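Colleague: Got a structure for you, written out below as structure tokens; questions coming shortly.
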Amino acid sequence: MLRVLFRTFLRTVATRGRLAAIGSLAVVSVISAAAVTLARPGDTFEAGATYAVANLTSLLPVAALVFGAGSLGDLIDDGSLVYIWLRPISTRLPVVAAWASTVTIITPLVALPVLVGTVILDSSARLIAATALALVVGVLAYSAISVTIGVRMRRSLPWGLAYILLWEGFVASAGSTAGRLAVRSYLMSIIVQVAHHPIKLGRYTLASGIGVPLAVGALALAYTSRRLARTDVP
């Protein structure tokens, strides 16, 4: 049943409009990396790190939101979720399937192009490893959070964008306490610890940088399963 749900979510969420919109942003991102390399062949490591950080904190969470929030959120909004409940299944199955489909979509659509763009700018092993690890953790965590937003919030896209732009982007930068509650702080810590590149928000250890976002993602999925069980389908 999990495989059936996974395929269903892949088919319903990966619409042409969403793929075209996010795919275009990913292509523009890679082109910008190539343009910077041609225009400024100086400090390639700094340019690569700046590029990786910019995409980890903007393109990646937005892409996860677009696909993750829509996976279950669209079914709740249009009433199609009722067809999933025709069989007596655990609420964990559609939640895991929605999360897995989001991960499957944004990994090749966003994560790989960002990694390619980083390599174009700087091919040092430490920066590539740091970016790849941060992307893996970010994809897993942001996908889980986005699925939760889709189930918890009606009009999930504006609420999710507010979370990304205001909380992750602004509030988390204001102090260490708020930073502890932002996924981006831990992704930046991975860059700091692995690439040895100083970043203001990268205050935590490598273990925290990996473990905290994954734990948050797991808790988000557990909460979403319970919330989905109490969701009224219109």
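The numbers here are math on the coordinates, done by the rules we state, and not lab data. Only a predicted model underlies this, so the values are computations on that prediction, with no experimental measurement involved. For neighbour counting, all protein chains shown are included, and Cβ atoms are generated from backbone atoms with ideal geometry for every residue, glycine included.
Colleague: Which of the residues that make up the stretch 20-46 are closer than 30 Å to G68 by Cα and either surrounded by fewer than 14 Cβ atoms within 10 Å (Cβ to Cβ) or among the aliphatic types (A, V, I, L, M) (or both)?
Modeller: Matches in the stretch 20-46: A20, A21, I22, S24, L25, A26, V27, V28, V30, I31, A33, A34.
Colleague: Related question: Considering each of G70, G17 in turn, give the residue that is crowded, with 16+ Cβ neighbours inside 10 Å and not aliphatic (A, V, I, L, M).
Modeller: G70
Condition check ((1) in a helix (DSSP H, G or I); (2) surrounded by fewer than 23 Cβ atoms within 10 Å (Cβ to Cβ)) across all residues:
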residue: A130; (1), (2): yes, no
residue: L133; (1), (2): yes, yes
residue: S143; (1), (2): yes, no
residue: R154; (1), (2): no, yes
residue: L166; (1), (2): yes, yes
residue: L187; (1), (2): yes, no
residue: S208; (1), (2): yes, yes
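Colleague: If you don't mind, another one. Given the criterion in contact with a helix residue (DSSP H, G or I) (Cβ under 7 Å, 6 or more places away or on another chain) and over 16 Å from V66 (Cβ atoms), identify the matching residue among L93, L112.
Modeller: L93
Colleague: Just the residues that are assigned to a helix (DSSP H, G or I), within 30 Å of V192 (Cβ to Cβ), in contact with a helix residue (DSSP H, G or I) (Cβ under 9 Å, 6 or more places away or on another chain) and of a type outside the set (G, A, S), please, taken from the stretch 1-45.
Modeller: I22, L25, V27, V30, I31, V36, T37, T44, F45
Listed here are the residues, each with its yes/no results for (1) closer than 13 Å to I105 by Cα; (2) touching a residue at least 60 places away in the same chain (Cβ under 8 Å).
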{"site": "R7", "(1), (2)": "yes, no"}
{"site": "I22", "(1), (2)": "yes, yes"}
{"site": "A34", "(1), (2)": "no, yes"}
{"site": "L60", "(1), (2)": "yes, yes"}
{"site": "A64", "(1), (2)": "yes, yes"}
{"site": "F67", "(1), (2)": "yes, yes"}
{"site": "S71", "(1), (2)": "yes, yes"}
{"site": "L75", "(1), (2)": "no, yes"}
